[in-house]
Amino acid sequence: MGRKANKERQKQKTAVAGKTSLLDLVTAGLLQAGAVVVCNSWPFSAVVSASGRLDARWTPVPSDFAQPLAGAEFMRAEFDTPSAWATAVCRVMRAQQPRGSGGESRVAVNGWTACRVKVREGAGEATEITLDTLRRAFTARQAAESDESASAVDGLAQQVAQGLALGC
């Protein structure tokens with residue numbers, strides 16, 4: 001295989017390693033619309049929409065939370081990414097801590113690794129896995145499809161090169 005084919009394959013792998021969205025996972029059938037997503041041991045959840053967004057479920061509010069609810073400014077109804085939702089939940093949780101208890105106002109949470117969803121394979125029991133596990137499965141599937149395409153193109157290119165070498 002020539003340098004040009006190697007560079008093209010590397011470009012394809014780089015494109016596959018790009019950003020993956022929840023919609024990618026829903027479209028690929030790895031994540032079902034309506035699946036409930038939880039984050040760490042926090043009391044809130046979100047539901048995956050058919051459009052690949054997270055519809056936040058902020059109720060019921062735990063009875064030991066401050067009233068009126070501290071951190072309510074972070075409680076949007078919909079989030080585009082797992083990290084945006086997980087960060088909002090974390091901010092709400094930190095707002096419940098007494099002032100001066102070490103809770104930072106600035107926080108970011110990797111929602112792909114912090115958020116989990118139950119999936120069922122076949123007739124077995126549902127297993128809770130991270131969204132990152134699903135994202136990795138999607139990326140692996142995309143890479144395999146990309147490799148298959150690259151192999152087909154390489155084979156065709158070799159056939160054309162052989163034909164040209166024979167004067168066809």
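For R76, the accessible area of its heavy atoms, probed at 1.4 Å with every protein chain present, is near 120 square angstrom.
Between R57 and S45, A46, V47, the built amide H atoms are under 5 Å apart, and every one of these is 5 or more places off in sequence or on another chain.
Note: relative contact order over the stretch 21-130, using C-alpha pairs below 8 Å and six or more positions apart, is 23 percent. If you add up the charges near T113, with Lys and Arg at +1 and Asp and Glu at -1, over every other residue whose beta carbon is less than 11 angstrom from its beta carbon, what do you get? Taking every Cβ under 11 Å from that of T113, the sum is +2.
When the residues R141, R136, R53 are ordered by accessible surface, computed with a 1.4 Å probe over the protein chains alone, the sequence from largest down reads R136, R141, R53. In this simple spin-label approximation, T113 and E125 carry label points 7 Å from Cα along the Cα→Cβ vector, and these lie 2.7 nm apart. Computed on protein heavy atoms with a 1.4 Å probe, the accessible areas place E145, E125, E73 in the order E125, E73, E145, largest first. Accessible surface of K118, taken over heavy atoms with a 1.4 Å probe and every protein chain present, rounds to 130 Å².
Stretching E78 away from A66 to a fully extended chain increases their span by 2.0 nm, per 0.36 nm per residue minus the current alpha-carbon distance. Electrostatic bookkeeping for R53 treats Lys and Arg as +1 and Asp and Glu as -1; over the other residues with beta carbon under 14 Å from its beta carbon, the sum is -2. Rolling a 1.4 Å probe across all protein chains gives V109 an accessible area of roughly 30 Å².
The values are calculated or read from the model by the stated rules, or taken from the named source; none is laboratory data. None of the values given here were measured: they were computed from a predicted structure. In this analysis, Cβ positions are derived from the backbone assuming ideal geometry, glycine residues included, and neighbour counts consider all displayed protein chains. Keep in mind that these areas ignore ligands, DNA and RNA; they rest on the heavy atoms of the full protein, side chains included. Shrake-Rupley method; radii C 1.70, N 1.55, O 1.52, S 1.80 Å.
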